[in-house]
Ligand SMILES: C[S@@+](CC[C@H](N)C(=O)[O-])C[C@H]1O[C@@H](n2cnc3c(N)ncnc32)[C@H](O)[C@@H]1O
């Protein structure tokens, strides 16, 4: 059953999400995201499509299933999805409760997602279930920092930021490993906070 607390939180955030994200962060990271998404091939699952700000960075001609727990976020994503030159299906779905068969996808992408999914290791385990053996998980994520004073600031900010949106202090690389993926490469995009993570489901 869908997690209604999380769904409602992100439904509330949908109204101002583009205003908060579109100008600064999205423009800043668009090049890195485009490079990450350029690896798309085969049957692709995109977790947490949000309002669709990532869609203009998708390479054309792909077969993508985009899911998100929030119907309000997805409403905003629809016009962006309509401009995509390829197959892009949007579905309202909780990553913890996906009806896809085991080993359904060749690749899975996430973008600023595992700061938000309430139970990150369980969410990542769900992704592993629907990914084919040897399949790729490619992520663009902001994480907690190891370094003072950022680590302390992020721990202090998280109880507040969590009420309206993401956790600031997650160790997503460790969570990917705990979920049973093999981490192939981690790229530090900004300090040790904004990262790309490339992992595989073991065969
Ligand atoms: C910070 S937003 C990122 C949206 C988009 N990827 C972007 O970068 O613009 C986090 C997204 O995760 C979604 N989300 C949170 N928990 C989820 C879950 N359990 N299952 C599916 N989506 C979830 C939220 O609805 C929200 O759209």
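Laboratory data are not the source of any read-out in this text; all were calculated from the coordinates shown. No experiment lies behind these values; they were computed from the predicted model shown. For neighbour counting, all protein chains shown are included, and Cβ atoms are generated from backbone atoms with ideal geometry for every residue, glycine included.
Computed quantities for the displayed model
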quantity	calculated
Hull shadow area, averaged, region 105-176 [alpha-carbon convex hull, nm²]	4.9 nm²
Region 60-121 - percent relative contact order, Cα under 8 Å, separation 6 or more	36 percent
DSSP bridge orientation in the chain - percent antiparallel, rounded to nearest 5	40 percent
Contact order relative to length of the chain, as percent, for alpha carbon pairs under 8 angstrom and 6 or more apart	19 percent
Over region 135-184, relative contact order from alpha-carbon pairs under 8 Å, at least 6 apart, %	31 percent
The chain: most fluctuating residue of 45, 137, 178 per GNM, C-alpha cutoff 10 Å	178
Relative packing of 183-192, 125-134, which averages over residues the other C-beta atoms within 10 Å, highest first	125-134, 183-192
Of 167, 103, 54, the one that fluctuates the most in a GNM where the chain has Cα springs shorter than 10 Å	103
Rounded, prolate or oblate (a/c below 1.5 giving rounded, otherwise prolate when a/b exceeds b/c) for the chain by Cα gyration tensor	rounded
Highest-fluctuation residue, 169, 57, 151 considered, GNM on the chain with Cα pairs under 10 Å	151
Inter-centroid distance (Cα atoms) of region 81-123 relative to region 1-77, Å	10 Å
Highest to lowest packing among 92-101, 152-161, 65-74, scored as the average C-beta count within 10 Å	65-74, 92-101, 152-161
